[in-house]
1. Using the Cα gyration tensor of the stretch 68-134, with a ≥ b ≥ c the square roots of its eigenvalues, what is the shape: rounded (a/c below 1.5), prolate (a/b larger than b/c) or oblate (neither)?
2. Between residue 41 and residue 55, what is the label-point separation in nm under the 7 Å Cα-to-beta-carbon projection?
3. Using mean Cβ contacts within 10 Å as the protection proxy, how do 53-64, 85-96 order, highest first?
């Protein structure tokens, strides 16, 4: 790998179903497979979003590093759970203040104000997830 590039891999295997995706450059996901079949819809997505945890939002938020009042469209290779399907999900983040983002994922559909802590981890994902211990 050349300087400045990165590599990330994700693989989920649940019995007879497996999903994997990898990214090896800043240009995005180079390959996505589900049940061994290529998923061209996710080609070019920079970020992978694991649908069973809000932890992957941290990666997207840190990468776009929005100033308060700024907006970013962040298409992701989304691993839906429990279906384990890999698909493109259009997302939009708008930073409202130091610890709040307006989040929209129209394809799901879902829209809410996400709260994050000082490190950027999502602490409140309304209706889906909330941190219990601080």
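Rule-based calculations on the coordinates, nothing more; no lab input. Only a predicted model underlies this, so the values are computations on that prediction, with no experimental measurement involved. Counting neighbours? That spans all protein chains shown, and the Cβs are built from the backbone with ideal geometry, glycine included.
1. It is oblate, given that a/c is not under 1.5 and a/b is not larger than b/c.
2. Inter-label distance under the simple model: 2.6 nm.
3. Taking the mean over residues of other Cβ atoms within 10 Å, the ranking is 85-96, 53-64.
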